[in-house]
1. By the gyration tensor of its Cα atoms, with a ≥ b ≥ c the square roots of the eigenvalues, what is the shape of chain B: rounded for a/c under 1.5, prolate for a/b over b/c, or oblate?
2. State the extension gain, in nm to one decimal, for the chain segment bounded by residue B:295 and residue B:236, taking 0.36 nm per residue of separation less the distance between their alpha-carbons.
3. Among A:144-154, B:35-45, A:471-481, B:103-113, how do they line up by average Cβ neighbours within 10 Å per residue, starting with the highest?
4. Which FRET efficiency value, to the nearest 0.05, is calculated for residue B:115 and residue A:459 with the Förster distance at 35 angstrom and r the Cβ-Cβ distance?
5. Quick one: compute the contact order of the range A:372-495, relative version, from alpha carbon pairs under 8 angstrom and 6+ residues apart, as a percent.
6. Taking other Cβ within 10 Å of each residue's Cβ, how do B:244, B:303 sort, fewest first?
7. So, R0 is 30 Å and r is the distance between the beta-carbons of residue A:220 and residue A:247; what FRET efficiency does that work out to, to 0.05?
8. Nearest 10 degrees is fine. How inclined is helix B:2-28 to the longest principal axis of chain B, computing both from alpha carbons?
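Coordinate-derived values only; no laboratory data. All values derive from a computational prediction rather than experimental measurement. All Cβ positions, glycine included, derive from the backbone under ideal geometry; neighbour counts span all protein chains shown.
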Amino acid sequence: METLLTGTIGLLGDPYSLLILAFGVLFGQIFGAIPGLTAALGVSLLLPFTFAMTPVQGIAMLIGIYVGGISGGLYAATLLNIPGTPSSLVTCFDGYPMAKKGQGGLALSLGIFSSFVGGIISLFALVLIAPQLAKIGLMFGPWEYFSMGVMGLGVVVSLCSKDIVKGLIAAIIGMLLGMVGMDPVMGVNRFTFGAWQLSSGLPSLATLMGFFALCEIMTQLRSVGMKTEIIAVSKVPLFPPLKMILRNIKGFSLSSFIGVIIGILPGVGQVTASLLSYNQLRQISKTPEKFGTGHEEGVVASETANNAVCGGALIPMSTLGIPGDLVTSILLGGLIIHGLQPGPLLFKTNTDIIGSIFGGYLISNLISFLMALFLVRIFIKLLKVPMHYLFPVILVMCVIGAFTINNRMFDVWVLVGTGIVGYLLTQNGFSLPPIILGYILGPIIESNYRTAILASRGNFLEVFTRPISVFLLILGLLFLLWPFINILRGKKTDAGARGF
Amino acid sequence: MKKALWISAVLVLALAVIPLAEGFAQDAKYPNKPIKMIVPFGAGGGTDTMVRAYQKYIDLGGQPMVVVNIAGGAGSIGVMETYYAKPDGYTIVCTGWQSMLSYYVSNYVKVPVAEEMIPIATTVSDPDVIAVVKNSPFKDVNALVKYAQANPGKLKWGSVGAVGSNYAASMLVWRALGIKVTYVPFDSAAKSRAALLGGHIDVLLCQVSEINPVAQSGDALPILVTTKKRSEFLPNCPSMGDIRAKEEFTLYRGFWAPPKTPKPIIDYLEKAFSKVHENPEFRKFIMNDLKYSLMFAGSKETRDILNREAPELTILYKEALKNKAQK
């Protein structure tokens, strides 16, 4: 707590650092808002510029981009049904239907507020119990990761209660896509068809943007020239109504909890966190049938969880020097360049740096919240731009984003390819979230299973000797059986009008 | 209307002449445009940070060095992008011959890249180290060997990758110590370190530069360095020489150009890199912050090292592949 205070005061007392941080947040918000450009891209593009700054300034700017980038994804998700950054994917489920119902302003303000809440709750986890949480993170070995992946796949069933068979097929398609490239243990190339460019697998940004941005653009292109309902957002309130905040307190806290826990586990990420929390909130909700039709709890689940991941991911980074996701691994590189050795010692000896990470995270969340309220007023004006001007611009941005992350044209073709595949699938009644879940969780399950089975010398039963694994597997089983349990209890489990 | 036509005609002509002019200039002097430096790993990693230090200090006749990250395939994708680039000295890559050799032997790539690429220089070496967690029952190599010999295959030995240099180095150490263990491959360095600290593996083999932060804090205990000499960064940790083993492994990193790059260009670049090594500020950064051992082997010397050491390593890589295939 003291570190947070000194760090925050230190930053507040240094107008130049504060300005750099605010610039970082703005840059992040813009990168987050534009589909195709992401927080990770923003951080890696601006990393070289931090070389010339002091460590505190450099860290402040990178954290600003991180927080801004994750928060900025909700505008496009709510207004266009295209996630501005993959982590806001789940926001589309309910944010866009809300906008269609004429509650766009409310959805945006609720999303911005949820992002803020997720950020602040994860800040408290980071400041107060980081070392303890890092220890929990270390308890996760290969078997635990494997079980978590399996549990996550259980979500597919409740995500697709409308058409379980198609949902399962979609999840398997996703897992197959995740298998492309070198296998995690032997290094044997799979499904590459001789293209060496594919040996590291389908590039994830290009794949996700293909499925969501490109596919959605193609779907909406069909309506060009036709009379369509126009989404009008009149006014975005500064805060969602107090009543709404109060009745979602459980949602805020549960989603933040899930976000923080997922954040401290390296390589799992925002999308998984928001899907898990969406699923969890629906299961405890009194009105599960409303999810997917423009329900406030859906927006809360997604935006709270994905921002809570940021604070969670900073925990192993600052206490152990182990990055929780792509952005924090770039942040670590930034520390080294400034002559700081990231690792357990940093947390104990360089309290000034840790303080500026904490303080930077707090101030970033505050600035991001205020900036979002301002920026959103500009973004809703973009809705007045006709789709036939807006879509080509988004398309170009996606191409730039896909190209920049690895600097190769091949990734752009992946973007186009997955876009077309996604379009064909959605037109045939398959839904995309299970594909994404399979694509993200498949490799986690596979590589950890193989590592675990090698470590236990072929003994699969070892998974049942580990309490966390068993707990996660039981949870997964409950997810699988949930629709049936509900039928037995005589409860309705309609997944809603969006059809997953 | 006519005026517009004239202007566009002139513009088209001008555009047509530009490439010609560039062609002339290229003959005149190298380098006359930015040099693309491919880093086959992501931004922020060890290789990336090192290359950015070179970028800061190198003098390429006023031309900038542009760092491009092409990650994936354990570094093989960035190397292949360089392999297929024009051999005009404007695309080079930061890698080492041991990695390139493993891409070929392990069938990641179909061409013998280490043989065909042209070395510019080998600039740093980073030995491997084996480490245990701080509350491990094994406080030194002897305790570890004793346990492993009494319980063959019981020790969980983690590292990154199942084929390639980390596995090869592990095999050398097993041979030197005369032990049998269960090898546990991870897909990233961060995960393998977390697995060691969390007690999911008994031993971790990684590079000295990677273990340093957790060794300094006392969370991990390095117990053996894989070179004959002790590491300058872990002066208290015994080396292969201390236990009288003949085996030795250290990971080299340096700069390479596409096959058939003309010799004058290689000479120019080799000189440029060797100049950087004279800069005390640069040396301080590489040693204090990255914990790499600095060295300098030019183009010819790198080729000599490769010719001398590659046959043995190839055998080791092949053996590693065979071991895996049996499992």
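1. prolate
2. Working: separation 59, 0.36 × 59 = 21.24 nm, distance 2.19 nm.
Result: 19.0 nm gained on full extension.
3. Descending packing order for the listed peptides: A:144-154, B:35-45, B:103-113, A:471-481.
4. Working: r = 42 Å, r/R0 = 1.21.
Rounded to the nearest 0.05, the efficiency is 0.25.
5. Over the range A:372-495, the number comes to 7 percent.
6. On the way: B:244 8, B:303 16.
Ranked by crowding around the Cβ, least crowded first: B:244, B:303.
7. E(calc), rounded to 0.05, equals 0.35.
8. Orientation of helix B:2-28: about 50 degrees from the principal axis.
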